Amino acid sequence: MFSHLFLAASLALLNFVASCGGSNEKLTLDPTTTTTTATPTPTPTVANTQITWNNGANAIFATHCGKCHDFALDLPQLKAKQQVALARIKATSNPMPPSSTPAWLADKNKAIEFLSMAELK
Ligand code: HEC
């Protein structure tokens, strides 16, 4: 009698496990639905901080130009030289500064970005 109950219980348990397995199979993803392309997470549009005289350009021009040119230490004077300075920084022959350093190369794009603004501020 006891063994019969035990057997019945075991069978019920087996059945339960089997039915769990059965329902698990339904949960496995249908291969045809897994091919849908994932929607890329939109990259947050972080406003690129525009360089200004006070937030970086002053230091860049003082460091890389100021030891030879007083105009590079003063915004109104640099404004007067804006186009020629931009041209000389971009120039491949006789560029400014006359000798390039790793520090200058790290700042060069910022200097160009600054001098390319319609109105230096
Ligand atoms: C080591 C000194 C030195 C440094 C540093 C230097 N210059 Fe010059 N620069 C000169 C000399 C010397 C001349 C004049 C000869 C010539 O035109 O090549 C000159 C000429 C110029 C001229 C043309 C002449 C004028 O006054 O209109 C501009 C513009 C200029 N430099 C901009 C810059 C800028 C911008 C920087 C920094 C990114 C810079 N220079 C860094 C020495 C330097």
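Overview of values
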{"item": "Residues that are in a helix (DSSP H, G or I), of a type in the set (D, E, K, R) and within 22 Å of PRO76 (Cβ to Cβ), drawn from the range 90-121", "result": "ASP107, LYS110, GLU113"}
{"item": "Matching entry among ALA47, ALA118 (being more than 15 Å from the ligand (Cβ to nearest atom) and at pLDDT below 95)", "result": "ALA47"}
{"item": "Inter-residue pairs, beta-carbon under 9 Å, first on the phi > 0 side of the Ramachandran plot and in the range 52-63, second surrounded by fewer than 16 Cβ atoms within 10 Å (Cβ to Cβ) and modelled with pLDDT of 95 or more, 6+ apart", "result": "GLY56/LYS110"}
{"item": "Identity of the residue in the range 81-104, aliphatic (A, V, I, L, M) and more than 15 Å from ALA62 (Cα to Cα), that ends up farthest from the chain's Cα centre (by Cα)", "result": "VAL84"}
{"item": "Residues (more than 9 Å from the ligand (Cβ to nearest atom) and assigned to a loop (DSSP other than H, G, I, E, B)) located in the range 61-89", "result": "ASP74"}
{"item": "Residues being exposed (fewer than 13 other Cβ atoms within 10 Å of the Cβ) and over 25 Å from ASN48 (Cα atoms) - total across the range 81-113", "result": "9"}
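The values are calculated or read from the model by the stated rules, or taken from the named source; none is laboratory data. Owing to the predicted nature of the structure, the values given are computational and were not obtained by experimental measurement. In this analysis, Cβ positions are derived from the backbone assuming ideal geometry, glycine residues included, and neighbour counts consider all displayed protein chains.
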